[in-house]
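Let me begin by presenting the structure, written as structure tokens, before commenting on it.
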Amino acid sequence: PMVLRIAELTSFGAGASASTHQPSPAIQNHMLDSKFTQQELPACKPILTPKWVISVFLLVGVIFVPIGVASLLASNKVVEIVDRYDDACVPSNVTNKLAYIQNSTISKTCRRTLKVPKDMKQPIFVYYQLNNFYQNHRRYVKSRNDQQLRDASKANETTLCDPEKTRDGMAIVPCGLIAWSTFNDTYTFQHNTNNLSIDKTDISWKSDRDHKFGSDVFPKNFQKGPLIGGKTLNESIPLSEQEDLIVWMRTAALPTFRKLYGRIYVDLKENDTITVTLDNNYNTYSFDGKKSLVLSTSTWLGGKNDFLGLAYLTVGGLCFFLAFAFTLLYLIKPRKLGDNNYLSWNRNSAGH
Amino acid sequence: TKYSAVTFIPKSLFEQFRRVANIYFLVVACLSYTPIAPFRGATAVGPLVLVLLVTMVKEAIEDWRRKQQDIEVNNRKTKVFQDGAFRHTKWTKLRVGDVVKVEKDEFFPADLVLLSSSYDDAICYVETMNLDGETNLKLKQSLDVTSRLQDDDSFRGFGAVIRCEDPNANLYSFVGNIEIEEQQQQYPLSPQQLLLRDSKLRNTEYVYGVVVFTGHDTKVMQNATSAPSKRSKIEKKMDGAIYVLMSILVLISVIGSVVFGLATKHDLVDGRMKRWYLRPDNPDNIYDPNNPAVSAALHFFTAMILYGYFIPISLYVSIELVKLLQALFINSDIHMYHEESDTPAHARTSNLNEELGQVYTILTDKTGTLTCNSMEFIKCSIAGTAYGRGITEVEKAMAKRNGSPVISDFELGVEDFHQSEGRSAIKGFNFRDERVMDGNWVHQQHSGVIEMFFRLLAICHTCIPEVDEVTGKISYEAESPDEAAFVVAAHELGFTFYQRTQAGVYLHELDPSSGEQVDRFYKVLHVLEFSSARRRMSVIVKDEEGKTFIFSKGADSIMYERLSNSESTYSEATQKHINDYADAGLRTLVLAYRQLEEIEYAKFERKFTAAKNSVSADRDELIDEAADLIERDLILLGATAVEDKLQKGVPDCIDKLAKAGIKIWVLTGDKMETAINIGYACSLLRQGMKQITITLDTPDIIALEKGGDKGAINKASKVSVVQQINEGKKLINASGNESFALIIDGKSLTYALKDDTKAAFLDLAIACGSVICCRSSPKQKALVTRLVKTGTGKVTLAIGDGANDVGMIQEADIGVGISGAEGMQAVMASDVSIAQFRFLERLLLVHGHWCYSRISSMVCYFLYKNITFGVTLFLYESLSTFSGQTLYNDWSMSLYNVLFTSLPVIAMGVFDQDVSARFCLKVRSRYIGLKIN
């Protein structure tokens, strides 16, 4: 049973105040004799008795463990295919991968075969995952100009876009390192022998499309420099419709991240094979990054995420353990409540 | 005031930037406008400006209030001689050399040289309570040459030149001379002619005086130490914590910079780009792989700004705010509201709230603080019978401590009695005994002795009666409140003293034989005045029948030696009563008389007159000798007991504070005997406590003083004081756990406070349970306070009510002023003002406790939340190669402290009560506990 001891339900009404003073008119003229100003508002201050502490721990445990179990189950229901292809897509006879990827004359088409481990219900999300890519570097994050992206009349606004500001004196649209380094690998899928269509619309945030990227802003002078970073943009399509760019420009917080590439609206059966034809264009070799393709279903919890469930389970379990430990301690070696002898200054004086 | 309109901005800014944190934030704000900053400039400057503004506005308001009070004083009016007439002028307009006219019961507006008064012999009476706390009147007399200037017109065409010393702080010395223009002759001036500012004219219709020092040159103001900016200990401690945090900050910034530098360096090795998406081939200063050291150095500053969350900018503001609200609560506490004088407690500077919870030593003034500054005639013993049923504060306190319900019932009875009689209103008289009141004494056994006793009370004094012409009521002006109490008592008991002339005194008396009231005249032949050496006073009178009497009153030890041996039937009983009275904290005096033979008187007369007229150095001795001759073989009448009325609840409060582990020192300008009496009365001294007295009233020192060799006096005095201190220490070391009380007088204090002796003195004083310093000047009070403050390093609180306490109030960590009494100087200099001493208990034990625990937990909470926030930033940095990218939005970061998370913390700081008020008062040892923490 739970016991909540209320130490101070300060009800002066019946006790001291009625007998000690009755405010005279003189007092009331100058001073407010309310419970608030006299700091006598009722207050509740729980005393941490052993029973009370044990019950709280038990309660927390009882609530947290089921939540943890449910989250873990949901996470386990997610079917995920992760295929790392950065090494595999470089021909085995190439020793200098960097030179290979930087050589634009070589065709870098690559074919990967994936096996579906379990039934996958549509929609299936297609992601690309990069490792060791610091999209959160300050130099990188800063290097964009939101005004330019939003407003056609601000096309020449390139402050903060260093070092991708201008090309031959002309402002680059979209300027900055982020846009310049947009991911440019492409994927096409075949389900068994049929082509599998991939829906690449609505992969970015709606607010980004509507408010942050202008529908009348078109790419200009983009990727015209000697050093080409990533994707080139079609200059006839407004930025608000360049969803790959929009997705990329919402920079990731951590050096390992996934970004949405598209959705597949087909149910996949267990043991189906999927053939992916991809263009391996993006350079992750110079900084030892990894590239992976991810296909994943989702549940009410989102994608695969064991951490949440584990965290709940750990905390819940810890609470159960503490409750148990305190119960034992309480049964074996109880202490009297409010024993002054344990107070530090009493102990000190006793010691001397 | 600390600030004026012009100096406010720079001065208060300077005050603000005395805080380490504010300087740091200023630097950050400057840097945040450069590209190094991890966030936009406005977001760093905004909060700083907000913080500074709030604090400065608060300072301005507090200072403005102080100024208002100053202006009030400056605008008081006085009469100044201008263009041939006296006109009302503001105090501020007074100039040196002005002739002013001060009327009865007015304060002197500046230091004046007395020219003449309403009396023919140009004397005047001055009350110096605001200066030294003494309540008796002091006599001042002008030079003969100026005494004839007795009306307004006589100043026309009057001219004189006064030369005097430079302004100094010594209240009791004045050197100068006056040269009257017509006479071309110089006359020396002495302290006898000096009227000090803040003292009050009494018993004199008016005086004329010349302004010699004004404003800050006056002796009082010279004694005032300048108001220091007080900072609370917690604030200083917090600075310490901030230094620690600062070093952590530097440490993690260095770590960050090194990692960042290395990562940057590796981004471009031999022309090969690693993280190509950062374009290391196209660098700037902040990110330069070719020059990683510079980048790392710059990054260091970025990191310093970024992790600034370790240093809580709004902590100071929040604390100020919390303290302000706490102060409001203190102000509105109804338990510290004094109904009679309609004054609530008032925390004037809210900086020091939590200090109230850490007080270690209380230094208190006596007059007006512990006592109400009024004496009450409460008991007497006549012919071996004790009369009077009043109960003193001390007895009440003792009864309470012993938990005796009998006395409290009795006390209630007495109070009912008061009300039914409707007499308790008479000031100075609290005597209740129907056996002798309302003329019933004639039926008592020793009615003759009683008659003589009352007559002595009515005659043996130096009071001046004042009859209110409208109501016929008589009020008395006395040199000391004791005497007033005696005369009032005599009046209440049927012996009304109503007129004093040069020749003698007039009484209404009750004639025991006829039972009717008769008027009698007693010719006063001689007054043998009271002095602290003689400790007695006598009056020789001749009654209407031609009989000559000597009436004496004095301390029991002195008087008993002078009683005649034959007459001692009730002397033992009287002695017992005297001891009882002393235990009850009363001041006792023994009364005795003798009828003189014609021959004996004639002999004395001759000798006394000769002594008085002698001009040699030993004149005083001769007088004493003559007096000694006649004050002999006296017949004991009885003893009186006067209560130096303590303020309500004082002994109880002192007892509780002492139980809470607070040491209490009394610093008073009073005589040693008075101080000791009060010590007993307010349970500061107890029976069984060993007293260590340090005094310079020893025979050899006095002998040396007669010699007048200053060097020798100084040397001998110092040796004597040091010796007494060492003896005291030995005594304490020798005894086990007895409690000691240290009593030291002002003269000794001068030597004890010298640099080389003060450490020893402090050691001794700390070892004693209670300390009483008597006869101390305002400056000494401040010095003692400073000694205790710096010597112990603990929080000291000084409490006082008069201008003489201002120094110590300002010097102490916390100054408390008693408001409601006359004179606002103490209150104006104080940090907290309360109406009565007893409120100190609640102020310290309840509010002090709360404020301290609130502020402490609030500071911890604050640091906790900021460090938590800072650590998340740091962890995130480790995931972004310490590039300085922030995890949160700029504004949400800068407002995190100032707005988002400050409210819960402030709420806790204002409202949290770890223990309720009742328990704070009950469990006083908590106070000790808190102090340790």
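Computed from the coordinates by the stated procedures, all read-outs in this text should not be read as laboratory data. It should be emphasised that the depicted structure is a prediction, and the values quoted were computed from it without experimental measurement. Note that each Cβ is placed from the backbone with ideal geometry, even for glycine, and that neighbours are counted across all protein chains shown.
A few points about this structure:
- Footprinting exposure proxy for B:Arg148, A:Arg263, B:Arg854 (fewest neighbouring C-beta atoms within 10 Å first): B:Arg148, A:Arg263, B:Arg854
- Under a 5 Å amide H cut-off, with hydrogens placed 1.01 Å from N, B:Lys138 pairs with B:Val126, B:Glu127, B:Thr128 among residues at least 5 apart or on other chains.
- Likely footprinting exposure, B:Ser118, A:Ser181, B:Ser32, fewest C-beta neighbours within 10 Å first: B:Ser118, B:Ser32, A:Ser181
- Per residue, the convex hull volume that the Cα atoms of region B:837-898 enclose (Å³): 78
- Between the amide H of B:Leu685 and those of B:Tyr680, distances stay under 5 Å, these residues lying 5 or more places away or on another chain, with hydrogens modeled in the peptide plane.
- Modelled spin labels at B:Asp153 and B:Asp624, positioned 7 Å past Cα toward Cβ, are 5.0 nm from each other.
- A convex hull fitted around the alpha carbon atoms of region A:163-320 yields 189 Å³ per residue.
- Region B:433-489 versus region B:801-818: alpha-carbon centroid distance in Å: 38
- Unsatisfied cross-links (Cα-Cα over 29 Å) in the set B:Lys729/B:Lys789; B:Lys379/B:Lys747; A:Lys97/A:Lys121: B:Lys379/B:Lys747; A:Lys97/A:Lys121
- Per-residue extension of 0.36 nm, minus the Cα-Cα distance of B:Lys648 and B:Lys603, leaves a gain of 11.1 nm for this segment.
- 3J(HN,Hα) along region B:489-505, derived from phi through the Karplus expression 6.51 cos²θ - 1.76 cosθ + 1.60 where θ = phi - 60°, amounts to 4, 4, 4, 5, 8, x, 10, 8, 8, 10, 8, 10, 10, 4, 7, x, 10 Hz, with x in place of Gly and Pro.
- Note on region A:52-113: with charges restricted to the Cβ of Lys and Arg (+1) and Asp and Glu (-1), its dipole about the Cα centre is near 200 debye.
- Environment charge of B:Asp111, counting only residues whose C-beta is closer than 9 Å and scoring Lys/Arg +1, Asp/Glu -1: +1
- Average Cα contact separation per residue, region B:136-290, under 8 Å, 6 or more apart, as relative contact order %: 15
- Between A:Glu241 and B:Asp166, the simple label model (points 7 Å from Cα in the Cβ direction) yields a spacing of 9.3 nm.
- Extension gain, A:Asn156 back to A:Lys220 (0.36 nm per residue minus Cα-Cα distance, nm): 22.0 nm
- For region A:211-293, averaging the sequence separation of C-alpha pairs within contact (under 8 Å, six or more residues apart) and dividing by the residue count gives a relative contact order of 22 percent.
- Distant-in-sequence amide H partners of B:Gly176 (H built 1.01 Å from N, under 5 Å): B:Leu189
- Partner shielding of B:330-337 amounts to 5, given as the average count of beta-carbon atoms from other chains within 10 Å of each residue beta-carbon.
- Taken one residue at a time, the phi angles of region A:261-268 give Karplus couplings (6.51, -1.76, 1.60, θ = phi - 60°) of 9, x, 10, 10, 9, 9, 7, 10 Hz. Gly and Pro are set to x.
- Working note: Cα gyration tensor of region B:561-682, eigenvalues times five, square-rooted, sorted largest first, giving semi-axes of 40, 22, 9 Å.
- Ordering B:Trp891, A:Trp300, A:Trp180, A:Trp248 by the number of other Cβ atoms within 10 Å of each residue's own Cβ, fewest first, gives A:Trp300, B:Trp891, A:Trp248, A:Trp180.
- Region B:268-372: GluC sites (Glu not before Pro) falling in loop per DSSP and having at most 16 other Cβ within 10 Å: B:Glu339, B:Glu340
- Anisotropy class assigned to region B:76-223 is rounded, per the alpha carbon gyration tensor with a/c under the 1.5 cut-off.
- Scalar couplings 3J(HN,Hα) for region B:321-329, obtained by applying the Karplus form with A = 6.51, B = -1.76, C = 1.60 to θ = phi - 60°, are 4, 4, 5, 4, 5, 4, 4, 4, 5 Hz; x denotes Gly and Pro.
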